[in-house]
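Here's the structure we're looking at; comments come further down.
The values are calculated or read from the model by the stated rules, or taken from the named source; none is laboratory data. It should be emphasised that the depicted structure is a prediction, and the values quoted were computed from it without experimental measurement. For neighbour counting, all protein chains shown are included, and Cβ atoms are generated from backbone atoms with ideal geometry for every residue, glycine included.
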Amino acid sequence: MHLDLTGRTALITGSTSGIGHAIATAFARSGAHVVLNGRDEKRTAEIAALMVTETGNPDIRPVAADVSTAEGADTLIAAVPDVDILINNTGIFGAQPVFEIPDSEWTRFFEVNVLSGVRLARHYTPRMVTRGWGRVVFISSESGVMTPTEMVHYGMTKTAQLAVSRGMAQSVAGTGVTVNSVLPGPTLTPGVEELLADRIGADVPLDEAGRRFIAEERPTSLLGRLITPEEVANMVLYVSSPLASATTGGALRVDGGVAPTLIP
């Protein structure tokens, strides 16, 4: 099955590395005009240039903006006033005992993981409705339905994304615009590599470290290994395509079966 997004403009926030970069690459290979977003202008431009070479798609535009702030979101919107597909991927995570998390960290996690997507969707989605077609996807997590004890503040933001995306989907019902969440499980990103080095040991091969982490920290996994960013990107690409026109208001899991539930 080939998903052709030629003629569509897709904005993927936080797309210079990890899951976001894999999503941007998948969109580029499907013919979309890709807006690559990161906080550092030089790095974002360099990665966009590499993606052009790797994918053969010349329509990759770097836009540096910190979308975790209102000012950064405004900067991005001013540079790119309209898109057909919005992927709210920007996010942070970190372990901390719940009773030691200060107000500032609760606020920071909410600003980065939730409000970044709310601000952008608030601008772009009504414009999609006017045209009668559009896709909005929030990159949530299995932590949104199975709160991790060591990252309660992170889990809270991922649950909030599910509520926001469902509510937005209800608000654009029948317009040709869909809004969904995608829930990755533990994924082998640069941030997780750092976590593995800290928890398992820097001298342990990544594949082995990942399997040990899953066995010890996420034993409910049916996959028994970390997920690749490309596996998450495949789901995002599908739900953003014309073939997913009947999928909206959903929470789509790419978690390897970590969450032991039938319905998210």
Identity of the residue in the range 113-125, of a type in the set (A, V, I, L, M) and within 18 Å of residue 248 (Cα to Cα), that ends up surrounded by the fewest Cβ atoms within 10 Å (Cβ to Cβ): 118
Of all residues making up the range 1-34, the number that are in contact with a helix residue (DSSP H, G or I) (Cβ under 8 Å, 6 or more places away or on another chain) and closer than 27 Å to residue 93 by Cβ: 19
Where residue 61 falls short, out of the listed (1) part of a strand (DSSP E or B); (2) out of contact with any helix residue (DSSP H, G or I) (no Cβ under 6 Å at 6 or more places or on another chain); (3) in contact (Cβ under 8 Å) with a residue 40 or more places away in the chain: (3)
Total residues in the range 182-213, condition closer than 18 Å to residue 154 by Cβ and either free of Cβ contacts under 8 Å to residues at least 40 places away in the same chain or among the aliphatic types (A, V, I, L, M) (or both): 11
Matching option when the condition is assigned by TED's automatic domain parsing to the domain that holds residue 233 and surrounded by fewer than 17 Cβ atoms within 10 Å (Cβ to Cβ), among 66, 84, 4, 40: 40
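Yes/no matrix, rows are residues, columns are (1) of a type outside the set (A, V, I, L, M, F, W, C); (2) without any contact (Cβ under 8 Å) to a residue 12 or more places away in the chain; (3) part of a helix (DSSP H, G or I):
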| site | (1), (2), (3) |
| --- | --- |
| 86 | no, no, no |
| 91 | yes, no, no |
| 112 | no, no, yes |
| 146 | no, no, no |
Tabulated pairs, the range 225-250, first charged (D, E, K, R), second surrounded by 19 or more Cβ atoms within 10 Å (Cβ to Cβ) and at pLDDT below 95, C-beta under 7 angstrom, 6+ apart or interchain: 225/210; 225/214
Number of positions in the range 69-81 that are assigned to a loop (DSSP other than H, G, I, E, B) and either touching a strand residue (DSSP E or B) at 6+ places or on another chain (Cβ under 9 Å) or outside the structural domain of residue 162 (by TED's automatic domain parsing) (or both): 1
Residue in the range 97-112 that is at pLDDT 95 or above, under 17 Å from the mean Cα position of the chain (by Cα) and surrounded by 19 or more Cβ atoms within 10 Å (Cβ to Cβ) present: yes
Members of the range 169-180 that are among the hydrophobic types (A, V, I, L, M, F, W, C) and surrounded by fewer than 16 Cβ atoms within 10 Å (Cβ to Cβ): 173
The range 126-144, residues that are hydroxyl-bearing (Ser, Thr, Tyr) and crowded, with 18+ Cβ neighbours inside 10 Å: 140, 141, 143
From 252, 183, 243, 223, residue being assigned to a strand (DSSP E or B), within 21 Å of the chain's Cα centre (by Cα) and surrounded by fewer than 20 Cβ atoms within 10 Å (Cβ to Cβ): 252
Candidate set: the range 145-168, residues that are small (Gly, Ala, Ser) and surrounded by fewer than 19 Cβ atoms within 10 Å (Cβ to Cβ); chosen: the one farthest from residue 109 (Cα to Cα): 167
So residue 109, is it touching a helix residue (DSSP H, G or I) at 6+ places or on another chain (Cβ under 7 Å), assigned by TED's automatic domain parsing to the domain that holds residue 244, closer than 16 Å to residue 236 by Cα and not β-branched (Val, Ile, Thr): no
